[in-house]
Amino acid sequence: MPTQIVARALKIIEEDTSKILGLALEKHANIQPGQLIPKADAATPPELQFAAASPDKSYIAICLDLDAPFASIPFASPINHWTQSGFRLSTSAGNGRLETSDPFIVNWAPPGPPPISGPHRYLFALYEEPSGFDVKSLAPGKEVGIPPRFRYNVDAWARSIGLGHVLAANYFRSK
């Protein structure tokens, strides 16, 4: 299911390198767009970095699998692999590193393409939190199951909470 958000995020990656969201995993310090990451290396969500982040703002990140169950027939996509709010510029790490202590909206689901599938794209998009945003109204307090993640209508969700445009984006591929 193509979405406006996915199209905007992919366009940002192609056209404006200053808006590429920094992603780092334990074994992969500076993930480049399209980089192949073994799924075992992505058991936890990546650290995020955005050089243009403001110390006065909070941010929301979302991760979507664009290729489920197969890149050639992605009828289950996008799958919501993670939605996390409350990211703020780190006061200790510097370099645009973002940190959060907010509860998740959708807990991290590590990459898990089917064994016979090729690599899937995991797209990360960063937004500024809207004024008056209240994570407690969206955080479920428990892990989110599989069915609500499939064919996720990210555009409708973004409209419902008043998200603006994608500020930064990046993706990796995983198998």
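Quick notes on this one:
- Take every pair of alpha-carbon atoms less than 8 Å apart whose residues are at least six positions apart; their mean separation over the length of the chain yields a relative contact order of 31 percent.
- Placing pseudo-labels 7 Å out from each Cα toward the beta carbon at ARG151 and ALA93 gives an inter-label distance of 3.6 nm.
- Of all DSSP beta bridges in region 4-174, antiparallel share, percent nearest 5: 90 percent
- Within the shell defined by Cβ-Cβ distances under 11 Å, the residues around PRO110 carry a net charge of -1, with Lys and Arg each +1 and Asp and Glu each -1.
- Computed over region 94-170, the ratio Rg/Rh where both radii use C-alpha atoms and Rh is Kirkwood: 0.97
- For ILE79, net neighbour charge (Lys/Arg +1, Asp/Glu -1) across residues whose Cβ lies under 12 Å away: +1
- Shape index of region 52-106: Rg/Rh, with Rg the Cα radius of gyration and Rh the Kirkwood radius from the inverse mean 1/r over Cα pairs, equals 1.16.
- Two-decimal ratio, the chain, of alpha-carbon radius of gyration to 2.2 N^0.38 Å: 0.96
None of the figures in this text is laboratory data; all of them are computed from the coordinates on show. Just so you know, these numbers come straight off a predicted model, no measurement behind them. Because the Cβ atoms are built from the backbone with ideal geometry, glycine has one as well, and the counts that use them run over all protein chains shown.
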